[in-house]
1. Filter the range 36-52 down to the residues that are part of a helix (DSSP H, G or I) and exposed (fewer than 14 other Cβ atoms within 10 Å of the Cβ), then identify the one that is farthest from the chain's Cα centre (by Cα).
2. Which residues, taken from the range 46-71, are hydroxyl-bearing (Ser, Thr, Tyr) and either in contact with a Gly (Cβ under 7 Å, 6 or more places away or on another chain) or closer than 15 Å to LEU30 by Cα (or both)?
3. Taking the stated definitions as given, is GLU104 surrounded by fewer than 16 Cβ atoms within 10 Å (Cβ to Cβ), over 20 Å from ALA9 (Cβ atoms), of a type in the set (D, E, K, R) and touching a helix residue (DSSP H, G or I) at 6+ places or on another chain (Cβ under 9 Å)?
4. When you go through PHE76, PHE61, PHE80, PHE91 one by one, which is the residue that is touching a residue at least 24 places away in the same chain (Cβ under 8 Å), out of contact with any Pro (no Cβ under 8 Å at 6 or more places or on another chain) and crowded, with 16+ Cβ neighbours inside 10 Å?
5. Only one of (1) modelled with pLDDT of 70 or more; (2) over 26 Å from ASP62 (Cβ atoms) is not met by GLU104, so which one is it?
6. Taking only the range 23-54 into account, find how many residues are more than 15 Å from MET86 (Cα to Cα) and of a type in the set (A, V, I, L, M, F, W, C).
7. Yes or no: the range 22-39 includes at least one residue that is of a type in the set (Asp, Glu) and either within 21 Å of THR90 (Cα to Cα) or at pLDDT 95 or above (or both).
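The values are calculated or read from the model by the stated rules, or taken from the named source; none is laboratory data. What you are looking at is a predicted structure, and each value in this text was computed from that prediction instead of being measured. No Cβ is skipped: glycine too gets one built from the backbone with ideal geometry, and neighbour counts run over all protein chains shown.
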Amino acid sequence: MNMPHGRDAVALYHVVLAHEDFDRTACNLLKLIRNAQQKCPGQKRSLYLDIEGHRDEKGGFDQDMLELQSKFTTEFLLQFLSRAVMPLATFENPQPQRDEIPDELDVVSLDGLGEGPSDETPGGPKGKPRL
């Protein structure tokens, strides 16, 4: 990623492929943003996202991509960006973007809270892994 001098923004483009799930995509996006910060420190970052497949029977996005474009972006990812342009919406970060980007993403399950302990983690939540 080479940016000409004098520019103050970096455009990041990512395509979510049909076989990629939420967890893989979330980690890939964080890595993309972290790499941009390392190569172009302090410059504004705009993410442009396209999604292949991931449609339900009614033609809308599946649950993974709905969550990625809503909760994950607005509650976590947007703090490291100036804006995110996605098929469902464009999000502008009203605050200055953060440049301290985590090295990795820990994904935890939030599904099934209050249903008792899971088989994998004593006392932990059940369900599909999520942030």
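1. Step one: list which residues in the range 36-52 are part of a helix (DSSP H, G or I), which gives 36-39.
If we keep only those that are exposed (fewer than 14 other Cβ atoms within 10 Å of the Cβ) too, we end up with 38-39.
Working: GLN38: 18, LYS39: 20 Å.
The qualifying residue farthest from the chain's Cα centre (by Cα) is LYS39.
2. First pass over the range 46-71, keeping only residues hydroxyl-bearing (Ser, Thr, Tyr): 46, 48, 70.
Answer for the range 46-71, where residues must be hydroxyl-bearing (Ser, Thr, Tyr) and either in contact with a Gly (Cβ under 7 Å, 6 or more places away or on another chain) or closer than 15 Å to LEU30 by Cα (or both): SER46, TYR48.
3. Yes; evaluated as a whole, the condition is true for this residue.
4. PHE80
5. Just one mismatch for GLU104, condition (2).
6. If we filter the range 23-54 for residues that are more than 15 Å from MET86 (Cα to Cα), which is where we start, we get 23-24, 27-28, 30-44.
Still in the list and also of a type in the set (A, V, I, L, M, F, W, C): 27, 30, 32-33, 36, 40.
Matching residues across the range 23-54 total 6.
7. The answer is no, given that none of the residues of the range 22-39 is of a type in the set (Asp, Glu) and either within 21 Å of THR90 (Cα to Cα) or at pLDDT 95 or above (or both).
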